[in-house]
1. Considering only residues that are farther than 11 Å from Leu319 by Cβ, of a type outside the set (Phe, Trp, Tyr) and out of contact with any strand residue (DSSP E or B) (no Cβ under 6 Å at 6 or more places or on another chain), look in the stretch 280-301 and name the one that is modelled with the lowest pLDDT.
2. With respect to Ala276, is the statement that it is closer than 20 Å to Asn31 by Cα, in contact with a Ser or Thr (Cβ under 6 Å, 6 or more places away or on another chain) and touching a residue at least 24 places away in the same chain (Cβ under 8 Å) true?
3. Just one of Gly64, Gly54 is surrounded by fewer than 16 Cβ atoms within 10 Å (Cβ to Cβ) and either in the same structural domain as Lys252 (by TED's automatic domain parsing) or within 28 Å of Glu95 (Cβ to Cβ) (or both); which is it?
4. Hey, which of the helices (runs of 4 or more DSSP H) in the stretch 152-253, taking only ones fully inside, have at least 2 residues that are charged (D, E, K, R) and under 26 Å from the mean Cα position of the chain (by Cα)?
5. Can you say whether Ala178 is hydrophobic (A, V, I, L, M, F, W, C), out of contact with any strand residue (DSSP E or B) (no Cβ under 9 Å at 6 or more places or on another chain) and outside the structural domain of Arg11 (by TED's automatic domain parsing), as far as the supplied structure shows?
6. In the stretch 276-310, which residue that is part of a loop (DSSP other than H, G, I, E, B) and among the β-branched types (Val, Ile, Thr) is farthest from Val89 (Cα to Cα)?
7. Filter the stretch 233-269 down to the residues that are of a type in the set (Phe, Trp, Tyr) and under 14 Å from Phe204 (Cα atoms) and list them by number.
Amino acid sequence: MIPDDVVERVREEADIVAVVGEYVKLKRVGNSFRGPCPFHHGKNDNFSVTLRGGYKCFVCGESGDVFTFVQKHLGLDFVEAVKLVGAKVGVDVREVARRTEEKDPREPAWEINAAAADFFRRRLWESPDGETARDYLTSRGITRDDADRFGVGYAPTDRAAMRDSLAALGFEPDRQLASGLLVARENYPEPRARFRHRIMFPIFDGTGHVVGFGGRVLGEGEPKYLNSAESEVFAKRRLLYGLNWAKQAIRKADRLIIVEGYFDVIRLMLAGITEAVAPLGTALTEDQAALIRKYTKNVFLLYDSDRAGLKATFRAGDLLLAGGSSVRVITLPKGEDPDTFVARFGAEAFEKAAAASMDVFDRKVQILERGGWFADLRRKRQALDKLLPTLRATADHLTRDLYVSRTSEVAGVSREQLARELQVAPRERRGPAETGAPPPDPAEPRGRRRERRADHRSLGVRAERELVRLLLAYRRYVDTTAERVGAQAFTDPVYREIFTELSMDSDRAVDDLAINLDEETVVVLQELMDEPVSFDRIEETIDANINALLARDIDARMSEIDRLAPLASESEKDELNSEKKRLAAELRALGRQRWKAFNSNQP
């Protein structure tokens, strides 16, 4: 038989209107779709299909879900019906030796999560220690009715409160540990609550089961938002906060609004804008993009307008465009987010902002134009490198053609040249990821969690690692090294930060160095300190690694010249050739050939 979780996944992802519409001519009537009944072969529109996923004939009484319809209309058994619907929605359905009538294996997880959600709700409103959380919600303009609508709760500071409360209901600590609600540490063996002193947001799957939680810390603390651990029912990459409430509104409005946070979703829904969802504290994933396509092709992105928000916007845009979606970007006034904007100005002002939204590609071009990225040859090449991934990702041929025309117009590059560029497979390049926004300052703010680490297998990053490791062991070489290379020579942000701290004061103890580093960087720092250093020729080794970084930068610029040349005028080509000769001389002075490993033109 077919596992119940597979059956539920097919049921959740299936669009019953589309399935029934293959066999019955349907037309929208209000919130449902009507047509002649295929079972008693009626001629009037007495057969109703609802967006909730069911059908019913008001004459003959036939009713059921998508599987029932396929079984009865096509004469299939249950397994055949699930396989047919699964094939339509792209879910691989395989049989196993168990009966679908058995209890769903996910029910224990749903049950304990529902009990935890109830505990958090009661703790928020009925306990004195929930006062801080209640005050915080009041400061955000969230009433008790508002919070109850979305199941918002509070996880107390007491490490044992939830554990004891759930145990009294029959959920033993071992079961709480297995669900991820409790955690056990080597240095603190007694199980304790995963969530403490946090506003709690229950996260539901598409069928309305509580599958996990998101917790926002109150006051100081890291991480600011903490999610449940991955489990058989909770996978962040496949869930969207608010989809359980929004899915009918999405189909009705034929649009979906993606915002960043839980409060953004709640504020929009309270204002009557109910087709809003949010990723669970991460960038949009391919699984989430595929889930969105089940409901609509029209997606509006509403992220912050800072560098991180723009990066998330354009990454999400490329994923959605790859699936054939139409993607637009809503921009709010500076300093506003969806929560504050709607709270201050209401739904009408939000709809005006949505009406003024821009196509995601036009928004990317707008940012590049405002930053002057098409003003000179070198930056124009970089701007094109940021636009090409979106052109390649766009699945709809007409949309892609429009984007190519727009790029040709704004960059002054022929469509033929762009067509040739699009045929070239994207290359791995050193430096910031392509986001459509100007590259970030080399000195990124410390404490920010790294979204991407450089490839430690590459020759250049190995040189960075080895150089930092040696400087940690032999501090007397720090100052002379800093005179030859700056922090900007390091492409890996972790090694860059350690080098920066070292160069500021080479005599500091390791503990003092670690004070200004984030958790990930401290872990790497400790790894470097733990590795033995047994070089006989320290100066020569340091010098070789410095030369490797300098050669890499020179080689990268020479590769960039190669890419700029096709766009250059004759006079510009002369300047580029002169620069290339000078750089080649510098490479020879370093005693290095032009390394293939550093050549960004290499696939």
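The values are calculated or read from the model by the stated rules, or taken from the named source; none is laboratory data. The shown structure was predicted, so the numbers you read here are calculated from the model rather than taken from an experiment. Glycine gets a Cβ as well: all are built from the backbone with ideal geometry, and neighbour counts include every protein chain shown.
1. If we take residues in the stretch 280-301 being farther than 11 Å from Leu319 by Cβ, of a type outside the set (Phe, Trp, Tyr) and out of contact with any strand residue (DSSP E or B) (no Cβ under 6 Å at 6 or more places or on another chain), then Thr282 is modelled with the lowest pLDDT.
2. It is false that Ala276 is closer than 20 Å to Asn31 by Cα, in contact with a Ser or Thr (Cβ under 6 Å, 6 or more places away or on another chain) and touching a residue at least 24 places away in the same chain (Cβ under 8 Å).
3. Just one listed residue meets the conditions, Gly64.
4. 243-253
5. Yes, satisfied.
6. In this case the residue turns out to be Thr282.
7. Once the filter is applied, which keeps residues that are of a type in the set (Phe, Trp, Tyr) and under 14 Å from Phe204 (Cα atoms), the stretch 233-269 yields Phe234, Tyr241, Trp245, Tyr262.
Here's the yes/no breakdown for (1) in the same structural domain as Leu310 (by TED's automatic domain parsing); (2) buried (at least 17 other Cβ atoms within 10 Å of the Cβ); (3) modelled with pLDDT under 90; (4) on the phi > 0 side of the Ramachandran plot:
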| residue | (1), (2), (3), (4) |
| --- | --- |
| Phe345 | yes, no, no, no |
| Ala356 | yes, no, no, no |
| Asp359 | yes, yes, no, no |
| Lys364 | yes, yes, no, no |
| Ile367 | yes, yes, no, no |
| Pro426 | yes, no, yes, no |
